[in-house]
Amino acid sequence: RHRTHSVLVVAGLLIGTSIIAGAMVTGDSIDNFIVKTTYDSLDLVDVTVKAPNDAYFDETIFTEINADGNVASHADGMAPAIVAMASIEDVQSGQSEASISVVGFDPVFDGGFGAFELADGTATQGSDLLPDEVFINGNAAQKLDAQAGDSVILRYLPVGESYGHVSTFTVKQVVIDS
């Protein structure tokens, strides 16, 4: 009788320990996934300044921060950017993605972060982009079956507006994913 109780107690302890250990491993895995995803998405960005509610802020704020010698001495580069979500469709392939990140950048300030490495082996700062041209990264090009010269349609909702916009662009080049 004592032997049966001892076996049951030991088995219960083993099961309880396994459950707790499994929960800890799962929790650590999720924590590591979140941290890794954050680092991967920010890449080499250390600090991001955003307006409340993802609104756009006045360009003079960037001008003041950029002109501050104390800030500039601690940064390799500073650049204003607009990041928005949109859907995209490649006209030639007919492929689409419901949600992508669209980044608007200023090549004059973006140079501090290095050049874009292009799929054709060249590099650019982006200053040669025309107003109706875009770069797409390798991941998007693969999902859309897109290449340089394709037309893409972006559908997006600008911050603070009630109605969406539709714009057509030409893919200038495919940028190699960093």
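Between A75 and I15, with labels modelled 7 Å along Cα→Cβ, what's the label distance in nm to one decimal, could you check?
5.8 nm
Quick one: P(r) of the chain from all Cα-Cα pairs, 10 Å bins, percents rounded to integers, in order of increasing distance.
8, 25, 28, 17, 8, 6, 6, 3, 0
Below 19 Å, Cα to Cα, which lysines can K172 reach? Residues fewer than 8 away in the same chain don't count.
Once the sequence-local lysines are set aside, what remains near K172 is K143.
For the chain, calculate the relative contact order in percent as a whole number, restricting contacts to Cα pairs under 8 Å that are 6 or more residues apart. Display every interim value, and only then the final one.
Numbers: 221 pairs, mean separation 32.5, N = 178.
Rounded, it is 18 percent for the chain.
Can you spot the aspartates and glutamates whose alpha carbon is less than 18 Å from K36's alpha carbon? Ignore those fewer than 8 places along the same chain.
List returned: D28, D46, D177.
Assuming 0.36 nm per residue, please report the length gained on full extension of the stretch A148 to L8 beyond their Cα-Cα distance.
Numbers: separation 140, 0.36 × 140 = 50.40 nm, distance 6.76 nm.
Answer, rounded to one decimal: 43.6 nm.
On the Cα set of the range 47-117, report Rg and Dmax in Å, please.
15.7, 50
Could the peptides 98-104, 29-35 be put in order, highest first, of the mean number of other beta-carbon atoms found within 10 Å of their residues? Show your work: numbers first, answer last.
Working: 98-104: 12.4, 29-35: 10.0.
Final packing ranking: 98-104, 29-35.
Could you work out [θ]222 nm for the chain from helices alone, using -39500 (n - 2.57) per DSSP H run of at least four and dividing by all its residues? Round to the nearest 500 deg cm²/dmol.
Working: 5 runs with 65 residues, N = 178.
Calculated from helices alone, the mean residue ellipticity at 222 nm is -11500 deg cm²/dmol.
Taking H placed 1.01 Å from N in the peptide plane, check which residues at least 5 places from V102 or on another chain put their amide H under 5 Å from its amide H.
The list, which skips near neighbours in sequence, is A84, M85, A86.
I'd like the carbon and sulfur percentage of the solvent accessible area for the chain, probe radius 1.4 Å, heavy atoms only, ligands and nucleic acids excluded.
Numbers: 7470 of 12920 Å².
Reported share for carbon and sulfur atoms: 58 percent.
The values are calculated or read from the model by the stated rules, or taken from the named source; none is laboratory data. Because the structure is a prediction, the values reported are computed rather than measured. All Cβ positions, even for glycine, are placed from backbone atoms using ideal geometry, and neighbour counts span all protein chains on display. When the accessible area is computed, the model is the full protein with side chains, heavy atoms only, and any ligands, DNA or RNA have been set aside. Shrake-Rupley method; radii C 1.70, N 1.55, O 1.52, S 1.80 Å.
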